[in-house]
Amino acid sequence: MIGNLAAKLRLLLPDKTVTAEQWKLLGQEKDGSLLICWLEEKLLEDSTVLQYTVIGHYDRIKNKLQILHRFQMILNIVQATINQSRSLLGYVTKQNSSIEKAVESVEENSSKVEESTVNVETYQAYLMKLDIDKLYNLEIERSKQVRIQFLYREKLQTTSDKFLLLLHQECVMIYTIIFDASVDALWEIKELKHEELVKEFVWAQWDMTNQVLYHIHHRRIPTSLVSEDNDENNMKSTRSNPTLSGLQFHDDLPHETVLNIPLNLPQLSTTSNCGTYEDDVIPLRVHDCSLDLIVVSDSKGMVCVCHHYLYRPMKTQHAVNSLTESNTVHFAYSVTLLHHSCVIHCVIPGIPWSRAKLIRPTFAIYENHYMIVFVQGLLIHLLEIGLNHDPCCHILCGSSTPVASHASYLVPLLDLQNTEEGNYKKQETSGLHHNITETKISYLDGSSIFSNSGSKILTIDLPTLDLVELSITTDFLMDIFRKETSVEVRLGILHYFICHKNDMEIIADLVSIVAEKPRLLEIVRYMQEILIGGSYALVQKNLLADAMPLLTLLPVTTMEEYTSFEIKVNDLNITLSHEKLWNTSVMLLSPQQRLVPYHSDLWTRLWEQLNKNIKDKPRFQPSKIAEKLLVSLACYQPEALSRCSTPMSPSGGFVIATVALGDLLGNRSNKLLDSSLPFTESESCTASKQEHIVSVNLRELSMYLLKNGTQSSTCHIQGSCTALQVHAMATRYVAAQLETSRILCHMLCRAANVDLRIEQERGFMLIDQLDNGKRWLLFMLLERYRYALENIAFPAPQGFTSFFTYLGYKTLNYSMFLQYVQRAVFELQVDVTKIIMADISDTKENTIKKLALLSLLPRSRAKRLLNQWLHPVSLMLRAREHAANILSGEVAQNRGRSFQHRNHHNGLAAFPSADRLSPLDTFLDLLTAKASLAELDFGLLMEATVTSTEDFL
């Protein structure tokens, strides 16, 4: 809590001698101003206390409280509104009245009708001309709820005014006030006329920002002319569906119905109501306790219909009648996202009835991409509702929130930045801000506490008028990430910080939390979310406007669309599901059907968003590339790969023909982008497996974008995305893939306590210096990192494969290490194999290990390493290959070799001195007959023959 509205406004009263108590909020207008009433007590000269009701208008922008009218008595005013020129005040009172009601009593042989007096609460509506304090009784007295609301215009008019009068379950009327301009400076009301806009309705809400009236009424189900029985037609003619309609009001044009959507509302009765009214004024609604529904909209084109209800799964009448305070019910809410044509359902069973009946959830748009659903002491949910992609990454958590525990019903106040005079607060520091210095609340721009910032929603608790900042802090989400075991919730938090906050430092901290349990299988999904989401976030940085349509084809998250999942939070099982709506656009007026065709407002933007969603193609799936790589990598030959076929250079650079890497990454303000890796980012071979992966990614993505991105289904203009733009986007995305994999590798090394700022060595020498604990943790994390890369076909940083192979060699026992090599987990590049061969001593047992290792290499790579191995087995194998080439007719080049000089031999049986008929002579004669003397390497053959007599195996 950052303060109390009544306490702050009491300091703004001009007369400090009066006592002001019982403050009540009466309404909120389009400019963000608030209407307040309170009870004043004044001590008269004769020592008597005079009590009366006062209505005031608080301007949140200028921080001024204006007293509109002091009544002569105490009135129970429940709602009020003021016109745009602040000259007219409309208000509604609620008082107890006695009415005569006929009651029929039945006796043994006769019945008679008796009249009794019943006390009921009645609503009355009034209009007051403030400058002359003239009161107009609108002659409205109802036991059903009554509300009054002035219409606001884009351009202020002084000759007329309009206001709405809403009578629950009766009608909605619009009143037109005509002023008499002939009387100087008075502008008295000349004429007051009204007409009926809406007939009987069960619920209504006024959207002050967009000047829209939402209401729910019942429509009869249309009967079919054919193929139905008369009984079915009769049944349909008596049934009706609740329909949500929207009336858009204009300055000089008639209102128009822009929305008609059938609703599926549980427990909505068409004949009766519960008869109890809460009389809450923000947002301005007309409803009883049988239907708690709120429409939350944003002028960017988002409309959310939020409905909260309670139910029990048992349907018997006995179960309904047995509902007591100790029984439990299901708390549920649904959010219908019209801009995404889907409904999000959430059900939480096991809530005690004594607690559930008091629940009033708060729904508010948060940071343009999320909706907060808050219930004090029970839950706080972040539902993803943004326009960029389909809703899938939701964050569900329990009641451990930074909001004061005594808050009962929080409602968001209007964001001053979205009002007409919102810029005024940037020029003038609010005086109220200086009055609450004791709360230590201050902003850098000097704004008031009564303005909402991007990550904070200013709410007010209606019963107590406490001001509460509803915000989701980084520490709160990190704590949820640490405690929560649900994969979906953790993925939602990762997506929030990657794609919406773009804070890779926080992601590094979350990776460190995950690294505390490296054996978890879910860690791979977290890494894949970072890779895919991070690549998307890098691509959309500094992206040109003409390439934006292609962005809708790139993958943004690993979460599947419209999936259901269940989590357990604080012993409560929370189920979240999605339901797809079809043909939502037919329920709206198209732009050409509007009174002012193609006039840009909430509904035209909503229409465009719906059409865009219908025509959008599915996003590119990296897993399909991984399936293709299963075949291509099995047949992969590094020596046959051309260097010119990929944008990756074997020298360690990354060549991008269409965009510079510096432009792609911006100014690299993030320290993670400049952080070095624990190995040298270069490849010693002429072509690598990672180069092939980059090549396939570039080719497949280019083809996908070319197929789906140059059509009108994705672009707003036919053919606006050219082939050059497609290639630029594909190259940009592949470069972002490589950079994101590099960033994640650095995060994992930091999570394994391998601090490169302290370690002096890099590469293989760094691994040798690590202790066993760090080495094991680093291997576990990098093993899952490699698996995550493989499943979504992401390239690894250059130099990673050799570093990972040597890390595995030092961490695992040798037999396990060979199994990893055989399963293609470890890739034996020349540099790492040479180090491993040198690290293994030349004992009899280790010689067999080396031979097993060389047998796993490609032929050319094994031959290259065999030539460098100074061991008798190497001589024998090379001599055998040389002899086999000669005998098979292949011409082999006589390559230079290093001779081994040995002083002692076990025997010279191969070289008899008498007859000269040794097997070697006979074999050399056979070779001479097959090839010329220049092609024979006699030295190699003779040395191998001598070496074969030694006992080295």
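The values are calculated or read from the model by the stated rules, or taken from the named source; none is laboratory data. Everything quoted here is computed from the prediction, not taken from an experiment. Virtual Cβ from ideal backbone geometry, glycine too; neighbours counted across all protein chains shown.
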Legend entry - Residue that is modelled with pLDDT of 75 or more and in contact with a helix residue (DSSP H, G or I) (Cβ under 6 Å, 6 or more places away or on another chain), where the choices are 258, 296, 286: 258
Legend entry - Failed item, numbered, when residue 623 is tested on (1) at pLDDT below 90; (2) closer than 25 Å to residue 554 by Cβ; (3) touching a His at 6+ places or on another chain (Cβ under 9 Å): (3)
Legend entry - Residue count, the range 508-563 (criterion: of a type in the set (Phe, Trp, Tyr) and either closer than 23 Å to residue 777 by Cβ or assigned to a helix (DSSP H, G or I) (or both)): 2
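So which residues in the range 799-842 are of a type in the set (S, T, N, Q) and touching a Lys or Arg at 6+ places or on another chain (Cβ under 9 Å), if there are any at all?
Scanning the range 799-842 gives 801, 811, 829, 833.
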Inset, instruction - Pull up the range 42-97, narrow it to residues that are assigned to a strand (DSSP E or B) and of a type in the set (Lys, Arg), then point me to the one that is farthest from the chain's Cα centre (by Cα). - result: 42
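Does at least one position in the range 795-812 carry a residue that is within 26 Å of the chain's Cα centre (by Cα) and either over 17 Å from residue 523 (Cβ atoms) or surrounded by fewer than 22 Cβ atoms within 10 Å (Cβ to Cβ) (or both)?
For the range 795-812, residues within 26 Å of the chain's Cα centre (by Cα) and either over 17 Å from residue 523 (Cβ atoms) or surrounded by fewer than 22 Cβ atoms within 10 Å (Cβ to Cβ) (or both): present.
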Legend entry - Qualifying residue in the range 828-844 (condition: free of Cβ contacts under 8 Å to residues at least 40 places away in the same chain, closer than 27 Å to residue 738 by Cα and buried (at least 20 other Cβ atoms within 10 Å of the Cβ)): yes
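Looking at the range 722-738, which of its residues are assigned to a helix (DSSP H, G or I) and either closer than 8 Å to residue 535 by Cα or among the hydroxyl-bearing types (Ser, Thr, Tyr) (or both)?
Matches in the range 722-738: 731, 733, 736, 737.
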Inset, instruction - Just need a number here: residues in the range 576-594 that are surrounded by 15 or more Cβ atoms within 10 Å (Cβ to Cβ) and part of a helix (DSSP H, G or I). - result: 4
Legend entry - Condition broken by residue 825, with the remaining ones in (1) at pLDDT 90 or above; (2) surrounded by 20 or more Cβ atoms within 10 Å (Cβ to Cβ); (3) part of a loop (DSSP other than H, G, I, E, B) satisfied: (2)
Legend entry - Any hit, the range 120-135, residues being more than 26 Å from residue 87 (Cα to Cα), surrounded by 10 or more Cβ atoms within 10 Å (Cβ to Cβ), modelled with pLDDT under 90 and of a type in the set (D, E, K, R): yes
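So which of 66, 79, 22 ends up being on the phi > 0 side of the Ramachandran plot and at pLDDT 90 or above?
Numbers: 66 fails: on the phi > 0 side of the Ramachandran plot; 79 fails: on the phi > 0 side of the Ramachandran plot.
Among 66, 79, 22, only 22 is on the phi > 0 side of the Ramachandran plot and at pLDDT 90 or above.
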Legend entry - Matching option when the condition is touching a residue at least 40 places away in the same chain (Cβ under 8 Å), among the aliphatic types (A, V, I, L, M) and over 26 Å from residue 410 (Cβ atoms), among 43, 26, 88: 88
